Amino acid sequence: MDDFFFSLLLAGISVGAVYALIALGLNLTFWTTKTLNFGQGSLMMLCAMLTVFLSSQGLAAALAVLGSLVLVAALGMFIERWTVRPALTSSGGSMGWVVSTLGFGIFLQGMAAKYFGSQAMAFPDLVFTAQDFVTLFGQYVSLQYLVVLAVAVALILTFEIFVRCTVWGHAVHAVSLDPELALVQGIPVRRLILGSFMLSSILAGVAGVLIAQIGGTVDPAFGFDLVLLGFVAAVLGGMGSSLGALVGGLLVGVISKLVGGYVSTAAEHGIAFALLMLALAVRPQGLFGRPEVSKA
Amino acid sequence: MKISRRSLTLGAAALAMPSLARAQSGTIKFGFTAALTGPFNEFGEGINRGAQIAVEECNKTGGINGRMVELAEVLDDQLVPDRAVQNLRRILDNREIVGLMCPSGSGPTLAIADMIQADGRPIINPQAQTPAIVYPHGLDKPPRPNLFSISIGNLVESEKLAAALSQFGRVGILHESTGYGVTGADLVRKAIIGRKPGARVTVESYNQRAQDMTAQLVRVQRANAEAMLVIGLGADFAVIRRNMSRLNINLALFGAAGAVTVPYIEGAGDLVAGTRAVNHAAFGHRPMHGAAQKFVDLYRAKFGTDRWYGPDAANPLISLAGTVGSGYDCINLLIDAIRRAGSTAAPDMVRALDQTKDYEGATVRRISFTPQDHVALKLEDLGTYEMLKRGERVVLELRD
């Protein structure tokens, strides 16, 4: 295989897998509440920064990541309780959650800048360094890229199995279809909603840690662009579909890299949004989504 | 009661007396807007610290003819041009401000340049690199009358970088997609081709904060580049260096002055070894010249061996010159101009700055301006450094 193509493909798949994780996080809250947490980018940033901070305090890397994930999960609960629920229950605009989740994300950015400083912080190598590699089909393959890919795909598959094969997964599905009927059936809808926000935040945190390892630094503004690309991946794959999130993320990652490599690096970022516009125009439900039908 | 015109005049004069007296005896005020917070605050907070040291040093020696100096308006723009414009408007509305320093970065500085030129008060540029800041109508035309610069300009930096890069036949340039990056890349490309007409230069751009630069790097690799230059800021340079390692790309690596800063060293870790960069020569010489050593000692005494200074007390980071030292020099130049002019009136200060001759700065050894030449830093003020790992520390050694 051509070295040039292979390098672009591998990088595209690897970063695409991270977009897929973010997309899955967005899907989760969409299922239970039909809302998206636009503060996901800040949760990614906060998890990565907390990992750096806890590591610098002498905590083992695995514990630092775990501690950070617990904290962002708690923040996920807070977001549901104080930014989404009031916006959904208020009599006025049903889109208030867009502003409130985004606003909370900006608040987290400010807090991170105040307590950790606004400069880029070096992110530690967790499992492998940028120099570690394996040779695959005669090609040089970075282990960091492979770890990112493996973790992201494993999480998405685990989640898919959870939704399809467990009672709780079926309950989430039921809530996504009709929360009121689910409540009547005795499903703890409130707890499921809270859980979806916590899990969505954990997925954002994992994505933040994975991508920070690729870049090597993290600062308070980290994550904002990434959540936009995750959103594109979610829409492209089909809002609410796990398989769609994975395929959408990989498509966005690979196409961006190939366009950057073969056409122009200046077009690398823009192509993702061109894909979004195309998807909305040609297939608004996305690749794996179902068209929404509403009865009068 | 009849009030005569004479008594009215006398009354007005009496009322005006206290403010006149205050103006004569009050502090001499300077102001500036800079990125004091935000992701680029290593530059803005840096010049702020330099300015503070200059002011304290001046006041300790009795000020200017007995009048103390003060940083009266120091505002934060986070390197956002619009905010820099708003801040400068507020600063210029304060008529007591007699001299200013430009913001960090070409974007904010270009945004405020016309405003300050129209106002007429003197301003000195510590860090912004684009030539249009000083020479808006071209290099063969006169500079802005009241805007002076001691920064590492793109022109002189590109000459120095081209001197080092023209030993290679094929060169890749990776630049951020800002005005600083685009102008810098274009100037370096022209300078390399000017020195070596057969050289092949591949130019690629990236957006600040991109987390993966594979596409840019493999394009440079595909062009068979032997050396690569990065024109951007330190955190992005760290991403590029790590990405090079993941792709097993081994080229002679060069960085512009803005790239080889603390975030690069922290973010890329051991991988920085071997990177070459152009930066102020003043801090690379041993012993340093008098003004540089004095500034370094003052900084260490006030702030210690912090992030800007680096961990080695005997060898401050070279980037301290550009991030902090240039702010120190700017305020000192304004103070020197007031002393020589014997006045804080803008035309007198501008005239005095125009006549600055061989002033010993910390970052530029001999600063001179003329009415035609408002750029102090020349080719000989720059050095080419190589980053080396010594034990746990990264050091920059002056090579040329």
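What does the average come to when, for each residue of peptide A:137-148, you count the partner chain Cβ atoms lying within 10 Å of its Cβ?
Working: counts 0, 0, 1, 4, 2, 7, 1, 3, 4, 0, 0, 0.
Mean number of neighbouring Cβ atoms from other chains: 2.
I need the phi-derived Karplus couplings for region B:186-194: 6.51 cos²θ - 1.76 cosθ + 1.60, θ = phi - 60°, integer Hz, Gly and Pro marked x.
5, 5, 5, 4, 5, 5, 5, 5, x
For a quick check: sort B:266, B:42, A:160, B:397 by the number of other beta carbons within 10 angstrom, fewest at the front.
In increasing order of surrounding Cβ atoms, one gets B:397, A:160, B:266, B:42.
How large is the translational diffusion coefficient of chain B in µm² per second when you combine the Kirkwood radius over alpha carbon pairs with Stokes-Einstein at 20 °C and 1.002 mPa s?
98 µm²/s
Let me confirm one metric for peptide B:231-238, namely the mean number of other chain beta-carbon atoms within 10 Å of its residues' beta-carbons.
3
Taking θ = phi - 60°, what integer Hz values does the Karplus form 6.51 cos²θ - 1.76 cosθ + 1.60 yield along region B:333-350, in sequence order, with x for Gly and Pro?
Ordered by residue, 3J(HN,Hα) equals 5, 5, 4, 4, 5, 5, 4, 6, 6, x, 7, 10, 5, 3, x, 5, 5, 4 Hz.
In Å and whole numbers, how far do the C-alpha atoms of region A:1-84 stretch along each principal axis, longest first?
Sorted from largest, the Cα extents of region A:1-84 read 51, 41, 15 Å.
Taking amide H positions as placed in the peptide plane 1.01 Å from N, state which residues far from residue B:64 in sequence (5 or more) or on other chains have amide H under 5 Å from it.
The list, which skips near neighbours in sequence, is B:69.
All other residues with a Cβ under 10 Å from the Cβ of residue B:134 taken together, and with Lys, Arg as +1 and Asp, Glu as -1, what is their net charge?
With Lys, Arg at +1 and Asp, Glu at -1, the net is 0.
Spelling out what I want: for every residue of region A:7-13, take phi, set θ = phi - 60°, compute 6.51 cos²θ - 1.76 cosθ + 1.60 (Karplus), and round to whole Hz; glycine and proline get x.
Per residue, the Karplus-derived 3J(HN,Hα) values read 4, 5, 4, 5, 5, x, 5 Hz.
In angstroms, what radius of gyration and Dmax does region A:103-225 have, counting Cα atoms only?
19.2, 59
Using a Förster radius of 35 Å, what is the FRET efficiency between residue A:98 and residue A:135 based on their Cβ-Cβ separation? Nearest 0.05, please.
For R0 = 35 Å, the calculated efficiency reads 0.15.
Helix A:242-258: angle to the longest alpha-carbon principal axis of chain A, degrees 0 to 90, nearest 10?
Relative to chain A, helix A:242-258 is tipped by roughly 30 degrees.
Taking K and R as +1 and D and E as -1, what net charge do the other residues with C-beta under 11 Å from the C-beta of residue B:93 add up to?
0
How high is the relative contact order of chain B, given as a whole-number percent (alpha carbon pairs under 8 Å, six or more residues apart)?
17 percent
Charges only on Cβ, +1 for Lys and Arg, -1 for Asp and Glu: so what's the dipole of the protein assembly as shown about the Cα centre, in debye to the nearest 20?
1040 debye
Using only Cα atoms, find the angle between the long axis of helix A:167-177 and the longest principal axis of chain A, and express it within 0 to 90 degrees, rounded to the nearest 10.
Rounded to the nearest ten degrees, it is 70.
Could you check the spin-label model distance between residue B:305 and residue B:379? Points 7 Å from the Cα along Cα→Cβ, value in nm.
Placing both labels 7 Å along Cα→Cβ, they lie 3.7 nm apart.
Describe numerically, in nm with one decimal, the distance between label points set 7 Å from Cα along Cα→Cβ at residue B:72 and at residue B:95.
1.1 nm
Rounded to the nearest 500, what is the 222 nm mean residue ellipticity of chain B from helices alone, with -39500 (n - 2.57) per DSSP H run of 4+ residues and division by all residues?
Taken over chain B, the calculation gives -13000 deg cm²/dmol.
Tell me what chain A gives for mean residue ellipticity at 222 nm when only DSSP H runs of n ≥ 4 count, each as -39,500 (n - 2.57), the sum divided by the residue total, rounded to 500 deg cm²/dmol.
Counting only the DSSP helices, I get -23000 deg cm²/dmol.
With the crude spin-label approximation of a point 7 Å out along Cα→Cβ, what separation in nm comes out for residue A:278 versus residue B:140?
About 4.8 nm, to one decimal.
Which residues' amide hydrogens lie under 5 Å from the amide hydrogen of residue B:97, considering only partners 5 or more residues apart or on another chain, with H built in the peptide plane?
Amide H to amide H, under 5 Å and 5 or more residues apart or across chains, residue B:97 pairs with nothing.
Taking N as the number of residues in the protein assembly as shown, what value does Rg over Cα atoms divided by 2.2 N^0.38 Å take?
Cα Rg divided by the expected 2.2 N^0.38 Å: 1.08.
In this model, which of B:60/B:357; B:141/B:357; A:114/B:190 are farther than 31 Å apart at the alpha-carbon?
Over 31 Å Cα-Cα: A:114/B:190.
How would B:27, B:33 line up from fewest to most surrounding beta-carbon atoms within 10 angstrom? All intermediate terms of the calculation are to be shown ahead of the outcome.
Working: B:27 16, B:33 29.
Going from least to most buried by this count: B:27, B:33.
Within a 10 angstrom radius of each residue's Cβ in B:219-230, how many Cβ atoms of other chains show up on average? Whole number is fine.
Partner-chain Cβ atoms within 10 Å, mean over residues of B:219-230: 1.
Taking H placed 1.01 Å from N in the peptide plane, check which residues at least 5 places from residue B:201 or on another chain put their amide H under 5 Å from its amide H.
So residue B:201 has HN proximity to B:171.
Which FRET efficiency value, to the nearest 0.05, is calculated for residue B:313 and residue B:390 with the Förster distance at 22 angstrom and r the Cβ-Cβ distance?
Using R0 = 22 Å, I get an efficiency of 0.90.
Based on other C-beta atoms within 10 Å, arrange B:251, B:147 from fewest to most.
Lowest count first: B:251, B:147.
Compute the angle between helix B:81-93 and the longest alpha-carbon principal axis of chain B, please, reported from 0 to 90 degrees and rounded to the nearest 10.
20 degrees
Rounded to the nearest Å, what's the spacing between the alpha carbon centres of region B:269-308 and region A:100-146? Just the number, please.
29 Å
Summing Lys, Arg as +1 and Asp, Glu as -1, what charge do residues with Cβ under 12 Å from the Cβ of residue A:131 carry, residue A:131 excluded?
Around residue A:131, the surrounding residues sum to 0.
Bear in mind these aren't lab numbers, they're just calculated from the coordinates by the rules spelled out. Treat the numbers as computed from the prediction; the structure is a model and nothing was measured. Every residue, glycine as well, gets a Cβ built from its backbone with ideal geometry; the counts of neighbours run over all protein chains shown.
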